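Read-outs: derived from the displayed coordinates by stated rules, not from any lab. Note that the structure is predicted; figures quoted are calculated from it, not measured. As a convention, Cβ positions derive from the backbone with ideal geometry for all residues, glycine included, and neighbour counts pool all protein chains shown.
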Amino acid sequence: MKERPRDSPQKIPVLGLGTWKMARNEVGPAISAAIDIGYRHFDCASIYNNDTEIGVALSAALGSRKVRREDLWVTSKLWNNAHGPKYVRPALERILKNLKLSHLDLFLIHWPVSFKADITFPKRADQFIALEDLPIIETWSAMEKMVKKGLCRNIGVSNFNISRLTELLDLATIRPYLNQIELHPYLQQPQMIEYCRQHGLQLSAYSPLGSGKQPEIDGFETPSLVHHPVICKLALKYQATAAQVLIAWGLQRKTIVIAKSVHTKHLEGNFKSLQLDLDEADMLTINQLDLGYRFLDGAFFTPAGSPYKLSDLWDD
């Protein structure tokens, strides 16, 4: 029988604050402001290189009793150079030390891609480790031990496709709690949503507002999501911001949404998305925007000679 950690909180907060690309001098104030606003879910990763500043902000909030530890949900991720039984626990202990926490609520495998231990980001094909040589289940089994040690309450994955999830579900003792993927109106992934629903996995969405860059489809630039006429029209209808419409769309699809901002005004606005209810017709209108377009396609893992191909990463 597949196990669930016995002492896990019942529910992950459906709106989280992402910390990717947050500068070290900005992330601490953003965390503090977010806690004051009401955010309780924080999405971190060791590769973001801002854990220490996040830890200072979390420690200050806990020390001042603005929030209790049991009210927070803190996620972090295992980077690609720490796969395998030898490296998982030291990597997790470094994360906990930096975040000033005794445990994580959720610990994710960041990518189904492995590097050699001394490589932060490969520049040559020989700096990768093929999954045939280091299967995901070896890393997963080491993460299961971290649950049993009490260093994390739940474990999951990020950027896994359906075939990788199926393989993991077949082999795991503790089922993955969640898969975190790029998800927004230009990349809606209905098959993944249905797969996770059928198998009892949570699904969280990063880049819910798309990206600042303009997608190029068949040689033509497409508006960024926050400037798309359909989204802007709906924002006007609901007297909301484009970001609020996009976040509400993700929430109403029963996905967990990881939004990011360092500006208090935007943090407040994004948090109000929890109160926005899009009607069925408007949800369907947004559903028509799907382009199957990835802003983060993983091509940086596929240099000449790499054991990884884009066709290995994505179902599409």
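Details
- With contacts taken as Cα pairs under 8 Å at a separation of at least 6 residues, region 202-316 carries a relative contact order of 24 percent.
- Placed amide H near Gly16: partners under 5 Å, 5+ positions off or other chain: Val257, Ile258, Ala259
- Projecting the Cα atoms of Leu96, Ile129, Trp111 onto the charge dipole of region 70-227, computed from C-beta unit charges around the Cα centre, puts Leu96 farthest toward the positive end.
- Point-to-point label distance, Lys86-Asp126, nm (Cα→Cβ direction, 7 Å offset): 1.8 nm
- For region 10-152, with +1 on Lys and Arg beta carbons and -1 on Asp and Glu, the positive-most of Pro13, Asn80, Ala60 along the dipole: Ala60
- Shape category assigned to region 72-113 from the gyration tensor of Cα positions, a/c cut at 1.5: oblate
- Of Lys233/Lys254; Lys86/Lys116; Lys77/Lys97; Lys123/Lys213, those spanning more than 18 Å from alpha-carbon to alpha-carbon: Lys233/Lys254; Lys123/Lys213
- When the Cα gyration tensor is reduced to axis lengths a ≥ b ≥ c, the ratio a/c is 1.5 or higher for region 71-183, and with a/b not above b/c it is classed as oblate.
- Computed from the Cβ-Cβ distance with R0 of 22 Å, the FRET efficiency linking Ile137 to Gln191 stands at 0.40.
- Highest-first arrangement of 177-186, 112-121, 249-258, where packing means the average Cβ count within 10 Å: 177-186, 249-258, 112-121
- Taking all Cα pairs closer than 8 Å and separated by 6 or more residues, the relative contact order of region 27-80 comes to 51 percent.
- Considering the chain, its Cα convex hull presents a mean projected area of 16.3 nm².
- Hydrodynamic radius of region 231-300 by the Kirkwood approach over all distinct alpha-carbon pairs: 13.1 Å.
- Shape of region 113-165, Cα gyration tensor, a/c cut at 1.5: prolate
- Most simply put, the chain has about 15% antiparallel DSSP beta bridges, counting only bridges with both residues inside it.
- Simple Cβ-charge dipole of the chain, Lys/Arg +1 and Asp/Glu -1, about Cα centre, in debye nearest 20: 1260 debye
- Using the average count of surrounding beta-carbon atoms within 10 Å as a protection proxy, the listed peptides 203-211, 139-147 rank, highest first, as 203-211, 139-147.
- Geometric extent, Cα atoms of region 1-117 - Rg, Dmax (angstrom): 14.4, 46
- Relative contact order for region 198-240, counting Cα pairs under 8 Å that sit 6 or more residues apart, in percent: 24 percent
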